1. Could you list, in sequence order, all residues of the stretch 77-90 that are closer than 20 Å to Arg16 by Cα, buried (at least 16 other Cβ atoms within 10 Å of the Cβ) and not small (Gly, Ala, Ser)?
2. Among the residues of the stretch 92-111, is any surrounded by 14 or more Cβ atoms within 10 Å (Cβ to Cβ) and part of a strand (DSSP E or B)?
3. Given the conditions (1) surrounded by fewer than 14 Cβ atoms within 10 Å (Cβ to Cβ); (2) in contact with a helix residue (DSSP H, G or I) (Cβ under 6 Å, 6 or more places away or on another chain), and given that Thr122 satisfies all but one, which numbered condition is not satisfied?
Amino acid sequence: MKIRWAEAGDEAEWRRLWAGFLAYYDMNLASEVTDFTWQRLLDQACPMKARMAFDGGARALGFAIHQHHPSTWVMGDDCYLEDLFVDPAARGQGVGRALIADLAEHARAQGWNRLYWNTEITNVAARKLYDSFTPDDGHIRYRLTL
């Protein structure tokens with residue numbers, strides 16, 4: 001497995017995984033949103049980036065979309081893992097663990113202070129993986145759509 005930054009030539013594989021991610025959450029997004037997300041992932045000026053795991057060839061196994069931001073709680077930045085997805089055919093092979101560990105390594109190298117993420121309380125398989133990194137912090141997320 002190789003993990004690297006998403007590149008322009010990865011678009012078809014990213015879109016395949018993104019469609020699986022959206023299907024898992026039973027979400028329908030306008031194609032314009034997906035197009036915009038892909039453009040932002042490649043935009044050097046945008047803090048949102050994607051790390052992608054590959055099988056050693058051209059087949060993508062998963063992605064970790066993240067962004068860093070200033071924090072009022074530390075003297076520096078935090079890294080928010082916004083979306084993590086592993087192809088169902090590749091689950092149980094350490095891809096998710098490798099993507100999180102890779103992102104943590106990147107965050108440390110950048111001098112960021114914390115890496116954090118959210119998941120649905122019912123996502124038992126993911127929570128088992130996440131709990132192996134750190135216990136949940138007891139927060140509940142609220143989202144106000146504007």
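Nothing in this text is a laboratory measurement; each read-out follows from the coordinates by a stated rule. This one's a predicted model, so the numbers in the text were calculated from it and none came from an experiment. Methodologically, a virtual Cβ is constructed for each residue, glycine included, from the backbone with ideal geometry; neighbour enumeration extends over all protein chains shown.
1. Selection gives Leu81, Asp83, Leu84, Phe85, Val86, Asp87.
2. no
3. Status for Thr122: all satisfied but (2).
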